[in-house]
Amino acid sequence: MGYEYTGDAHLELVTAYEADESPFPTDDSRVYPCREFLRDEPLLLKQLLFPRCWNGTDLVDDTAETRRHLTALGTCIRKGITAYSSRDADDLTGVVDGILDRLPEIRRTLKKDVEAAYKGDPAAKSYCEIIRSYPGFHAILTHRVAHRLYEADHVKYARELAEYSKVETGIDIHPGATIGDHFFIDHGTGVVIGETATVGDWVRIYQNVTLGALHFEEEEGEEHMLAKDYKRHPDIGDHVVIGAGSNVLGPVDVGDHVSIGANSWVTDDVPNDTSVFISDHPEQERKPNK
């Protein structure tokens with residue numbers, strides 16, 4: 001039996017499209033260059049969440065077309081979770097409906113992420129530029145959907161989506177990571193955020209940052225087996241900036257209003273209203289090449 005979306009998200013999404021105001025795109029006449037996708041979920045997600053930026057303007061005032069897109073996306077999601085489940089596909093329809101029902105909420109959160117990127121990057125010229133071109137935004141868009149799948153205990157398919165996003169963006173966010181509002185990754189290449197990490201609101205991260213584990217526990221009684229399902233990654237507070245090349249490792253707490261300078265190595269708690277930076281940089285020498 002094929003999947004058909006029967007919820008009300010299409011009605012809420014179309015209402016949300018109509019309510020969009022500048023600086024979010026509001027021009028329905030623009031046609032952007034095609035970008036090919038090797039799987040169907042990314043383009044369907046982007047068209048449903050920001051139709052004007054992804055040549056999906058037929059969704060903007062058409063609830064039936066929006067519902068057809070939701071059905072197409074739901075078909076992909078059900079196929080994905082069925083592949084890893086012992087349950088029959090028809091039994092998973094309610095799970096798929098629950099994920100799609102949350103798309104209006106996810107869209108509202110993503111609009112906050114666009115705002116954070118625009119305010120946090122002097123090079124940003126428009127919201128549409130961010131939505132179409134910023135790898136950090138593409139990564140968080142996929143993550144916010146993958147995280148809902150992770151919460152619904154469909155971890156393997158969620159990981160599949162996250163890994164596809166990593167190939168596209170160079171940013172590795174485990175779907176288990178909990179990330180707050182107004183999140184912005186600038187440049188992004190080489191960013192890694194681990195499964196048990198939490199990130200607060202208004203956090204800005206630059207390229208080659210790791211929110212990772214410091215060491216791993218071994219599973220008792222199992223040779224060469226690392227333990228699973230325990231806290232390994234940091235908790236980042238609100239209004240935090242983490243500079244390029246920094247590593248925040250282990251289950252440490254980084255407070256609110258913290259600035260971590262480039263190439264820092266953080267393995268201890270950082271209190272609120274603190275700057276962390278390397279005070280003694282290695283001396284550089286120069287000599288003529290001829």
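The values are calculated or read from the model by the stated rules, or taken from the named source; none is laboratory data. Bear in mind that the values here come from a model prediction, so they are computed numbers and not experimental data. No Cβ is skipped: glycine too gets one built from the backbone with ideal geometry, and neighbour counts run over all protein chains shown.
Looking for something under 19 Å from Glu41 (Cβ atoms), aliphatic (A, V, I, L, M), part of a helix (DSSP H, G or I) and under 14 Å from the mean Cα position of the chain (by Cα) - is there at least one such residue anywhere in the range 164-174?
Scanning the range 164-174 turns up at least one residue that is under 19 Å from Glu41 (Cβ atoms), aliphatic (A, V, I, L, M), part of a helix (DSSP H, G or I) and under 14 Å from the mean Cα position of the chain (by Cα).
Might you let me know whether the range 254-264 holds any residue that is touching an Asp or Glu at 6+ places or on another chain (Cβ under 6 Å), part of a loop (DSSP other than H, G, I, E, B) and touching a residue at least 24 places away in the same chain (Cβ under 8 Å)?
Taking every residue of the range 254-264 in turn, at least one turns out to be touching an Asp or Glu at 6+ places or on another chain (Cβ under 6 Å), part of a loop (DSSP other than H, G, I, E, B) and touching a residue at least 24 places away in the same chain (Cβ under 8 Å).
Of the conditions (1) in a helix (DSSP H, G or I); (2) in contact with a Leu (Cβ under 8 Å, 6 or more places away or on another chain); (3) within 29 Å of Asp268 (Cβ to Cβ), Leu149 fails just one. Which one is it?
(3)
For the range 199-233, which residues satisfy the criterion of being within 21 Å of Ala262 (Cβ to Cβ) and over 21 Å from the mean Cα position of the chain (by Cα)?
Hit for the range 199-233 is Leu214, nothing else.
Filtering the range 17-33 down to residues that are within 12 Å of Arg132 (Cβ to Cβ) and touching a helix residue (DSSP H, G or I) at 6+ places or on another chain (Cβ under 8 Å), which residue is modelled with the lowest pLDDT?
Per the criteria, the residue is Tyr32.
Do you know which residues across the range 180-199 are touching a helix residue (DSSP H, G or I) at 6+ places or on another chain (Cβ under 7 Å) and in a strand (DSSP E or B)?
Phe184, Ile185
Could you go through the range 200-212 and let me know if any residue there is among the aromatic types (Phe, Trp, Tyr), part of a strand (DSSP E or B) and crowded, with 20+ Cβ neighbours inside 10 Å.
No, the range 200-212 contains no residue that is among the aromatic types (Phe, Trp, Tyr), part of a strand (DSSP E or B) and crowded, with 20+ Cβ neighbours inside 10 Å.
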